[in-house]
Amino acid sequence: MDLQSFAPGMRRCANGLGWAILALCALGALAAPVRAQNNFGLGPLSIRNQFPVTLAYLTYTPEAPATLPSGTVQLRYQFELTNTFINTQSPRANNPPVIDSSVVSGGLTPANFPATGYGAYIDVEARRHVLRLDYGLSDSLQAGLELAWVSFGGGFLDTKIQSVERFFGGLNKDRLYSGIDQYDFYVVRDGSFLRASNRPFSNVVQDPVLNLKWNLGEGGPVLPALTLKLSYKAPLQAHPTGDRALVASGGADWGYYVLLSKAVGDVVGHIQLGETHLDVAPNTFADRLRHRMFGLEFRLDSDNSFLLQSVTQSSIYLHTDVPGTMDFNISRPTDVMVVGYKHLTQSFLFETGAIEDYNQQRNESDITLYFSLGSRW
């Protein structure tokens, strides 16, 4: 959804959310004599960035700061449905050369994009199935393995998204110059394709991801709970080809993240910061991503929470200041808002929610819908 006109207000709202969470720590000190708190809460919704260009690489996934009890196993299945439409050469963008539906039907070549810098035509509906297995090595140390299968295609959401966007007055007008429910995935840099695909594919396996979480403390009346997380993407192939090259980079990516949470009454504030290092080919994409998440969790009861999260991530595109380069601001950070619901007991987990970008710089997906089911024993 093109919410560029609402972006300044949304960004102020997100910054206000961050300050509100920081204020929870101060309020916690005042509330301490009245009520002791479980600073963990149920934790943020565990949904990663789904932008098709970023999807092949490791990136940050919000995590509950609490670790599994020693000897506990958790198996979960997650489904993610994402719709993305980006045309840096849209007729309304006034950035020649122009790409519209007639150009796409004739087949895109590097000549359809600027000769210098990045250009992109991304009309993708992605479906991602994820299996995650986590194990409590001790009460404060948890190890996990994640494996996912991805499908790219035209899908069915384009018309429905346009109807919703018209209702809210935030229509992505670039879609008006494109076909409906089509699949095209093209990214160019300096006159060469980095991604080029218009043939849908289904259930292609990604590189597995290994995770390690270490809880350093549950916090108290004043201090927040503190957890460290490490992630590593282990390549199945050093140089994947064909459809796998679109969803698995073949690189050994790794990242480190700090998870903080603080409760005041029935509200839990979450702050998570970190950095992901990418094993990318030279002169393609950025070799690191920086992440910041602010979240507010509203506890309905001990097993149920409503969550609101704002996630900022640096762009996968390298920054360029070359005169005459068509940058389109795509090297700027992205901002998304996440809303959803989480249910967690000693033996069962359920999550559902949606992600919406609100500072679209043509480097982020429009909308993601997802749910997750898990069991513990």
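Based on this model, can you work out whether Val280 counts as over 19 Å from Ser140 (Cα atoms) and out of contact with any Asp or Glu (no Cβ under 8 Å at 6 or more places or on another chain)?
Judged against the criteria, Val280 is not a match.
So Val164 passes all but one of these: (1) of a type outside the set (Lys, Arg); (2) under 24 Å from the mean Cα position of the chain (by Cα); (3) modelled with pLDDT of 90 or more. Which condition number does it fail?
Val164 satisfies all of (1) of a type outside the set (Lys, Arg); (2) under 24 Å from the mean Cα position of the chain (by Cα); (3) modelled with pLDDT of 90 or more except (3).
Checking Phe40 against (1) closer than 20 Å to Gly274 by Cβ; (2) aromatic (Phe, Trp, Tyr); (3) surrounded by fewer than 19 Cβ atoms within 10 Å (Cβ to Cβ), only one condition comes out false. Which one?
Phe40 satisfies all of (1) closer than 20 Å to Gly274 by Cβ; (2) aromatic (Phe, Trp, Tyr); (3) surrounded by fewer than 19 Cβ atoms within 10 Å (Cβ to Cβ) except (3).
Step by step: first the residues of region 175-191, then only those that are of a type in the set (Ser, Thr, Tyr) and either at pLDDT below 95 or at positive phi (or both), then the one that is nearest to the chain's Cα centre (by Cα). Which residue is that?
Result: Tyr183.
Can you tell me how many residues in region 149-161 are surrounded by fewer than 19 Cβ atoms within 10 Å (Cβ to Cβ), within 19 Å of Ala120 (Cβ to Cβ) and at pLDDT 90 or above?
Counting residues in region 149-161 that are surrounded by fewer than 19 Cβ atoms within 10 Å (Cβ to Cβ), within 19 Å of Ala120 (Cβ to Cβ) and at pLDDT 90 or above gives 1.
One residue is enough: does region 111-122 have a residue meeting the conditions on the phi > 0 side of the Ramachandran plot and under 26 Å from the mean Cα position of the chain (by Cα)?
The answer is yes; a qualifying residue exists.
Could you list all residues from region 90-110 that are in contact with a helix residue (DSSP H, G or I) (Cβ under 7 Å, 6 or more places away or on another chain) and not small (Gly, Ala, Ser)?
Of region 90-110, the ones in contact with a helix residue (DSSP H, G or I) (Cβ under 7 Å, 6 or more places away or on another chain) are 90-92, 97-101, 103.
If the condition is that a residue be in contact with a helix residue (DSSP H, G or I) (Cβ under 7 Å, 6 or more places away or on another chain) and not small (Gly, Ala, Ser), then Pro91, Arg92, Pro97, Val98, Ile99, Asp100, Val103 are the ones that fit.
Got a number for residues in region 229-263 being within 16 Å of His277 (Cβ to Cβ) and of a type in the set (A, V, I, L, M, F, W, C)?
5
Listed here are the residues, each with its yes/no results for (1) touching a Cys at 6+ places or on another chain (Cβ under 8 Å); (2) modelled with pLDDT of 95 or more; (3) more than 24 Å from Asn49 (Cβ to Cβ).
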{"position": "Lys173", "(1), (2), (3)": "no, no, yes"}
{"position": "Val204", "(1), (2), (3)": "no, yes, no"}
{"position": "Asn211", "(1), (2), (3)": "no, yes, no"}
{"position": "Leu216", "(1), (2), (3)": "no, yes, yes"}
{"position": "Val222", "(1), (2), (3)": "yes, no, yes"}
{"position": "Thr227", "(1), (2), (3)": "no, yes, no"}
{"position": "Leu230", "(1), (2), (3)": "no, yes, no"}
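Name the pairs: first residue in region 228-254 and over 13 Å from Arg195 (Cβ atoms) and of a type in the set (D, E, K, R), second residue in a loop (DSSP other than H, G, I, E, B) and modelled with pLDDT of 95 or more, Cβ to Cβ under 7 Å, at least 6 apart or on different chains?
Lys233/Leu58; Lys233/Asp207; Lys233/Ala252; Lys233/Asp253; Asp253/Tyr57; Asp253/Leu58; Asp253/Leu278; Asp253/Asp279
Scan region 349-376 and report the pairs whose first residue is without any contact (Cβ under 8 Å) to a residue 40 or more places away in the chain and of a type in the set (Val, Ile, Thr) and whose second residue is surrounded by 23 or more Cβ atoms within 10 Å (Cβ to Cβ) and outside any strand (DSSP E or B), with Cβ atoms within less than 9 Å and a gap of 6+ or a chain change.
Thr352/Leu45
Any residue in region 82-93 that is free of Cβ contacts under 8 Å to residues at least 40 places away in the same chain, outside any strand (DSSP E or B) and buried (at least 22 other Cβ atoms within 10 Å of the Cβ)?
Within region 82-93, the first condition is being free of Cβ contacts under 8 Å to residues at least 40 places away in the same chain, and the residues that meet it are 89.
Filter once more, keeping what is outside any strand (DSSP E or B): 89.
When the remaining residues are screened for being buried (at least 22 other Cβ atoms within 10 Å of the Cβ), the result is 89.
Within region 82-93, one or more residues are free of Cβ contacts under 8 Å to residues at least 40 places away in the same chain, outside any strand (DSSP E or B) and buried (at least 22 other Cβ atoms within 10 Å of the Cβ).
Across region 355-377, what is the number of residues that are of a type in the set (A, V, I, L, M) and more than 23 Å from Leu133 (Cα to Cα)?
Within region 355-377, residues that are of a type in the set (A, V, I, L, M) and more than 23 Å from Leu133 (Cα to Cα) number 2.
Is region 318-330 home to any residue that is within 17 Å of the chain's Cα centre (by Cα), at pLDDT 95 or above and either in a loop (DSSP other than H, G, I, E, B) or not aromatic (Phe, Trp, Tyr) (or both)? Walk me through it before giving the result.
Of the residues in region 318-330, the ones within 17 Å of the chain's Cα centre (by Cα) are 330.
Still in the list and also at pLDDT 95 or above: none.
Looking through region 318-330, none of the residues is within 17 Å of the chain's Cα centre (by Cα), at pLDDT 95 or above and either in a loop (DSSP other than H, G, I, E, B) or not aromatic (Phe, Trp, Tyr) (or both).
The values are calculated or read from the model by the stated rules, or taken from the named source; none is laboratory data. Note that the coordinates shown come from a computational prediction; the quantities given were computed from them, not determined experimentally. Here Cβ is always computed from backbone atoms with ideal geometry, including for glycine, and neighbour counts include all displayed protein chains.
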